[in-house]
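First up is the structure itself, then whatever we jot down about it.
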Amino acid sequence: MSLAIDVRGLRFRYGNGPWVLDIPELTLKRGTRAFLFGPSGSGKTTLLGVLAGVLKPEEGEVNVLGRDLASLSGAQRDAFRAEHIGYVFQMFNLIPYLSVLDNIALPARMNAARRARLDGTGVKETAALLADHLHIGDLLTKRVTELSVGQQQRVAACRALIGAPEIIVADEPTSSLDFDRREAFLELLFAECELAGATLVFVSHDRTLESMFSRTISLPDISRTAL
Amino acid sequence: MLSLDLALKSLRNRAFSTSLTVGSIALSVALLIGVENVRVGMRESFSNTISQTDLIVGAKGGTIQLLLYSVFGMGSPTNNLSWDTYREWAEHPAIEWTIPYGLGDSHRGFRVIGTNEDFYRRYRYRGGQEIALAEGRGGSEVFDVTLGADVAAELGYGLGDQVAVTHGIGEVGFLNHDEMPFTVVGILDKTFTPVDRAVYVTLEGIEAIHFGWEDGAPPMPGEEQTRDDVLAMGEIEITQVTSFFVGATNRRDVLRLQREINDYEGEPMMAVIPGLALNEMWQGIGYAETGLRLVTIFVVLVGLLGMLVSLYTSLNERRREMAILRAVGAGPKRIVALLVLESVCLSAAGAIAGLALVYALLSAGQPIVEAQVGLFIPIRPPGSIELLFLAAVVTAGFLMGFVPALKAYRTALHDGLAVRV
């Protein structure tokens, strides 16, 4: 059970199209900070979708925290994702009609297990605490449309982290930030992941960040289909 | 409940399109309920035009025709009944009271009705309300005239004014009974029934103006009689009535009495039960009613379709939102629930706003409609019909919500997390 992710013989394609992913093996230990890179169109986001249980592989096993997502039903995968996975998008991460606080609190409100892991602290208090850690504590009541891109990405990170999911999946969350802010953002994200003991899968095509991670995975190297 | 909270916040975020949608549903619902109220008001004011009268009796002819000329002041009577026949029935033991009507003349388009004091005592309308005088008294002398409220208001007459009666019931009669003007002695309170649009004189008055007109044509020159001539005559003999209203001593006898009158051999005559005849008439008008209701139901459907279009077109902009919701763990079911809830909220808000609008318009418009059209629309708390309409609108909204919801469901499944905006 020390493996967070254990993928075997994964093959995925959209409809009857060509294989997008063909990964014989991919394993990640718990607590790893993994840097997954590959050129655009190489299936990075698709792989994240599979790992998050949004997409269902046609063949193979996708063991996440010891559960084979490939054998779960759609609703079971949705519940699994809600409980165990925090997701950060490249950009436009936030629900426009919710406040910063409501955006951060959303996963905890949607999933009882995430709520239970707050250890008796209220959803709001936890959200505020996380926001403080990421230096956006004074933005809680703002409309998300009033935030800068960097602030939005930190709100998204808070949302991914609330309720301490075991795995944080981040899809190029820094690509819209300038270099200094990228590093600052990553440091904050790392600190929080460490605090929660979470495994981080971080996708980027920008290899300048690679050195900050404990493990680097090249998607073209592990997937036989990737360009 | 999280989905409801999300739905409401999402709707509030799109406040402009939300209020437009709610507004259009509200207007259509207001129209639906408003039409229903007007319909009920019309039906009630129609069937309450006359009340507590058990039978209306006149010369043999059509039942609706008898009702029209006796109660609504429309159409022409075919024949009169003799005074003796009338008296014979008026003294019938099963008949408690009668109101005789002598019709056939008019004043500037308003019907002139010859009657007697029984009219003021016995005539009832809308749930047993009595005829009341706004000013003066009910006519009792030969040349007394009492005006319905509309007549006095429209022609600007007051007590003491002189009124000439026209032979026949056209707007512009050329055969005027000018030589015998009547004097206004009373003006009736408004009743919102055809009573308001009639002019009441005595049966003696009707007889007097027709002296010399026995063959239907004006008297030969030199033979006209004047008001003074008539007054000098003393007692005037009444020869005929057009119809009369009957109150039975015992309501159980009404059917028997009706049969007896219809079978009367002295003169061809008939009796109708006003409630039945009014119903029969209303059924004729009822087709228009159904059509009207059908139109308003379509208006509501159009309002709901507007909502459908607005939700559906918003989905493309919201693909990102759906992807985020999926990423934080919302299953397709929650996304369907979210959109269906939005649709239900919109239609429920529209329905309630529509209901409020109806009551606002009704309370503002009731006196105006009453004054202008003579239609009294009762304002009562929403009844089962209104609640049924509201439930139907919300149910329709619920069902329609599945169209955008299933589209969003499919899109969300297909997009996964990969929407690029």
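Tabulated values for the structure
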| quantity | calculated |
| --- | --- |
| Net length gained if the chain between residue B:260 and residue B:88 were fully extended (0.36 nm per residue, minus Cα distance) | 60.6 nm |
| Percent antiparallel among DSSP beta bridges (both partners in chain A, rounded to 5) | 45 percent |
| Net charge dipole size for chain A [Lys, Arg +1 and Asp, Glu -1 on Cβ; Debye, nearest 20] | 440 debye |
| Most fluctuating residue given options A:191, A:34, A:160, as computed from a GNM of chain A linking Cα atoms under 10 Å | A:191 |
| Inter-label distance, nm, simple model (7 Å from Cα along the C-beta direction), residue B:17/residue B:124 | 6.0 nm |
| Residue (of B:94, B:40, B:125) at the positive-pole extreme of the stretch B:25-134, dipole from beta-carbon charges | B:40 |
| Gaussian network model of chain A, springs between alpha carbon atoms under 10 Å - residue of A:60, A:38, A:17 with greatest fluctuation | A:17 |
| Long-range lysine pairs (8 or more apart or interchain), the protein assembly as shown, Cα under 28 Å | 14 |
| Mean residue ellipticity (222 nm) of chain B, computed from DSSP H runs ≥ 4 via -39,500 (n - 2.57), nearest 500 | -17500 deg cm²/dmol |
| Base-10 log of normalised Debye intensity for the stretch B:55-272 (one unit scatterer per alpha-carbon) at q = 0.07, 0.12, 0.14, 0.17 Å⁻¹ | -0.21, -0.62, -0.85, -1.24 |
| Two-site label geometry, residue B:410 and residue A:175: point separation in nm, points 7 Å out along Cα→Cβ | 2.9 nm |
| Given charges at Cβ of Lys, Arg, Asp, Glu: the stretch A:73-227 dipole, positive-most of A:79, A:120, A:149 | A:79 |
| Cα-centre dipole for chain B with unit charges at Cβ (Lys and Arg positive, Asp and Glu negative), debye to 20 | 5000 debye |
| Chain B: most fluctuating residue of B:246, B:344, B:165 per GNM, C-alpha cutoff 10 Å | B:344 |
| Percentage of interatomic Cα-Cα distances in chain A larger than 33 Å | 13 percent |
| Shape metrics for the protein assembly as shown, restricted to C-alpha atoms - Rg then Dmax, Å | 42.7, 131 |
| Range in chain B, longest, excluding exposed GluC sites (Glu not before Pro) [loop by DSSP; at most 14 other beta-carbon atoms within 10 Å] | B:266-421 |
| Listed residues B:286, A:18, B:305: farthest to the positive end of the dipole of the protein assembly as shown (Cβ charges) | A:18 |
| Net length gained if the chain between residue A:135 and residue A:208 were fully extended (0.36 nm per residue, minus Cα distance) | 23.8 nm |
| The stretch B:55-272 - charge dipole about Cα centre, Lys and Arg +1 at Cβ, Asp and Glu -1, debye rounded to 20 | 1260 debye |
| Globularity ratio of chain B, using Cα Rg and 2.2 N^0.38 Å | 1.45 |
| Antiparallel content of DSSP bridges confined to chain B, in %, to 5 | 80 percent |
| Simple label model, 7 Å out from Cα along Cβ direction - residue A:194 to residue A:121, nm | 1.8 nm |
| Charge sum, other residues only, whose C-beta stays under 9 Å from residue B:329's C-beta, Lys/Arg counted +1 and Asp/Glu -1 | +2 |
| Rh (Kirkwood; distinct C-alpha pairs) - the stretch B:193-349, Å | 24.5 Å |
| Column: log10 I(q)/I(0), Debye, Cα scatterers of the stretch B:303-373, q = 0.16, 0.20 Å⁻¹ | -0.69, -0.88 |
| Within-9-Å neighbourhood charge of residue B:142 [Cβ basis; K, R +1; D, E -1] | -3 |
| Mean Cα-pair separation over length for chain B, i.e. relative contact order, pairs under 8 Å, 6 or more apart, % | 26 percent |
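Every number here is computed from the coordinates shown, using simple stated rules; none is lab data. Being a predicted model, the structure only gives us computed values, none of them experimental. Cβ sites come from the backbone with ideal geometry, for glycine too, and all protein chains shown count toward neighbours.
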